[in-house]
Amino acid sequence: MSAMVGKPHDAAILQQQTSTQRSLMKLPGPQRPIPVAVYSFSDQTGQFRPTESGQTLSRAVSQGGTAILMKALQDAGRRSWFTVVERENLSSLLNERQIIREMRERYLGETKVNPEALPSLLFAGVILGGGVIGYDSSTITGGAGAGFLGISARTEYRQDTVTVALRAISVRTGEVLASV
């Protein structure tokens with residue numbers, strides 16, 4: 001009889017915090033958090049990732065803009081600045097809540113929703129929207145000294161510039177409160 005030996009699992013590697021993340025987390029808290037919703041924060045550039053041989057089918061800009069923005073909002077003051085409500089997958093959330101209602105009706109005989117079992121969803125006072133609106137990639141060269149026989153201390157690296165637009169909209173009035 002032989003024993004099965006599995007491949008050892010690699011430990012998860014957590015990404016190091018950036019200086020921006022640390023700054024967001026250190027923000028002092030407001031008097032009360034602002035309830036916000038992010039419906040979509042997408043790549044509006046359509047750009048593909050450049051390579052030495054042209055382009056690939058990979059996008060140049062992350063397709064997870066909404067998730068990144070929501071994480072940044074939660075990081076602000078260690079969740080003290082914003083109460084972020086789910087809206088990107090709202091239909092899935094509503095479907096699950098409908099399943100709960102139907103199960104409680106069928107198995108518990110409830111004819112109306114028990115607010116303790118299924119409280120109302122939070123509403124947002126502000127909708128944040130926008131997206132990545134620009135992407136530029138440049139190759140920059142640098143180095144020191146003159147070359148000898150085609151050899152020099154010359155370095156090439158790529159510098160990417162990403163431009164985003166973000167606006168805050170009042171749910172009550174529809175007014176654009178801020179646009180950056």
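Throughout, read-outs are computed from the coordinates displayed, never taken from laboratory work. Keep in mind that this is a model prediction, so the values were computed, not measured.
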Per the rule of 0.36 nm per residue minus the C-alpha distance, extending residue 88 to residue 21 adds in nm 21.8 nm
Once residue 39 and residue 166 are pulled to full extension, the length gained, defined as 0.36 nm per residue separation minus their Cα-Cα distance, is 44.5 nm
